[in-house]
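Student: After the structure tokens below, expect a handful of questions from me.
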Amino acid sequence: MTPPSVLNLSAYLMYATGKAARRTLSEKLTARGLRLWHLTVLTLVADLGPQPKGVLAARLDMNASDLAKIVKDLSEAGQVTCVRSLADRRRVDVLITPEGRLALDHLSADIASADDDLLTPLSEAEREQLASLLRRVHAHHEDTGPSAGFRPAAQARQP
């Protein structure tokens with residue numbers, strides 16, 4: 001049983017709820033042979049297009065060798081491919097494959113199911129409000145965290 005006094009600590013509640021969310025989502029991903037980092041990298045490449053490995057590692061505040069392992073796993077599963085950049089032949093870009101997009105489509109249902117499991121006690125309006133508040137808190141910490149101000153050269157040139 002949770003001690004009543006910690007139920008007044010937002011940081012504790014976020015931690016405990018985050019653990020439950022991670023456990024629920026991890027179970028869904030594990031059933032498909034994936035981990036949370038696999039989903040994160042796959043989604044980032046799907047959302048932003050081809051990314052150099054170094055840029056991916058910096059964006060995710062992740063050790064480059066850990067990222068290389070995740071990319072290797074996804075590549076072996078046929079969900080991403082690594083190719084030389086046309087703009088800079090020294091650079092290797094990570095691209096999502098059609099199989100990777102299909103995997104993300106299948107994962108969407110799993111993620112929605114994990115969200116439903118986690119947020120069962122909340123109404124739809126409360127879920128939307130919670131998501132909005134969490135995005136604000138996340139954006140604040142993303143702007144002030146370790147990778148704050150990170151802008152790859154290609155992104156920095158965009159208007």
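Student: Take Gly18 and tell me if it is in contact with an Asp or Glu (Cβ under 6 Å, 6 or more places away or on another chain), surrounded by fewer than 18 Cβ atoms within 10 Å (Cβ to Cβ), free of Cβ contacts under 8 Å to residues at least 24 places away in the same chain and of a type in the set (Gly, Ala, Ser).
Tutor: Working: in contact with an Asp or Glu (Cβ under 6 Å, 6 or more places away or on another chain): no; surrounded by fewer than 18 Cβ atoms within 10 Å (Cβ to Cβ): yes; free of Cβ contacts under 8 Å to residues at least 24 places away in the same chain: yes; of a type in the set (Gly, Ala, Ser): yes.
When the stated conditions are applied, Gly18 does not pass them.
Student: Next question, about the same structure. State which residue is least open to solvent (accessible area, probe 1.4 Å) when the search covers only the stretch 76-86 and only residues that are in contact (Cβ under 8 Å) with a residue 12 or more places away in the chain and farther than 20 Å from Thr30 by Cα. Full working, then the answer.
Tutor: The initial filter retains those residues of the stretch 76-86 that are in contact (Cβ under 8 Å) with a residue 12 or more places away in the chain, namely 77-83, 85.
Checking which are farther than 20 Å from Thr30 by Cα leaves us with 81-83, 85.
Working: Thr81: 55, Cys82: 53, Val83: 59, Ser85: 3 Å².
Result: Ser85.
Student: With respect to the numbered conditions (1) in contact with a helix residue (DSSP H, G or I) (Cβ under 6 Å, 6 or more places away or on another chain); (2) in contact (Cβ under 8 Å) with a residue 12 or more places away in the chain, which one is the sole condition not fulfilled by Val55?
Tutor: If we test Val55 against (1) in contact with a helix residue (DSSP H, G or I) (Cβ under 6 Å, 6 or more places away or on another chain); (2) in contact (Cβ under 8 Å) with a residue 12 or more places away in the chain, just (1) comes out false.
Student: From the list Asp116, Asp66, exactly one residue is over 28 Å from Asp143 (Cα atoms), of a type in the set (Asp, Glu) and open to solvent by 50 Å² or more (accessible area, probe 1.4 Å). Which is it?
Tutor: Only one candidate passes the filter, namely Asp116.
Student: Please go through (1) open to solvent by 40 Å² or more (accessible area, probe 1.4 Å); (2) acidic (Asp, Glu); (3) modelled with pLDDT of 95 or more for Asp73 and return the number of the only condition it doesn't satisfy.
Tutor: Asp73 satisfies all of (1) open to solvent by 40 Å² or more (accessible area, probe 1.4 Å); (2) acidic (Asp, Glu); (3) modelled with pLDDT of 95 or more except (1).
Student: Looking only at the stretch 47-70, how many residues end up being over 25 Å from Leu102 (Cβ atoms), among the charged types (D, E, K, R) and at pLDDT 90 or above?
Tutor: So the count comes out to 1.
Student: Here's something else I'd like to know. Restricting attention to the stretch 16-62, which residues are more than 12 Å from the chain's Cα centre (by Cα), outside any helix (DSSP H, G or I) and within 21 Å of Ala109 (Cα to Cα)?
Tutor: Ala31, Arg32, Gly33, Leu34
Student: Return yes when Lys69 is under 14 Å from Leu107 (Cβ atoms), of a type in the set (Lys, Arg) and part of a helix (DSSP H, G or I) and no when it is not.
Tutor: Working: under 14 Å from Leu107 (Cβ atoms): no; of a type in the set (Lys, Arg): yes; part of a helix (DSSP H, G or I): yes.
Spelling it out, it is not the case that Lys69 is under 14 Å from Leu107 (Cβ atoms), of a type in the set (Lys, Arg) and part of a helix (DSSP H, G or I).
Student: State all residues of the stretch 82-109 that are part of a helix (DSSP H, G or I) and among the basic types (Lys, Arg); if no residue qualifies, say none. Show your work before the answer.
Tutor: Filtering the stretch 82-109 for residues part of a helix (DSSP H, G or I) gives 98-109.
Scanning the stretch 82-109 gives a single hit, Arg101.
The values are calculated or read from the model by the stated rules, or taken from the named source; none is laboratory data. Here the structure is a predicted model, which is why all the values come from computation and not from measurement. Neighbour counts run over all protein chains shown; Cβ positions are idealised from the backbone, glycine included. To get the accessible areas, we keep the full protein, side chains included, count just its heavy atoms, and leave off ligands, DNA and RNA. Shrake-Rupley method; radii C 1.70, N 1.55, O 1.52, S 1.80 Å.
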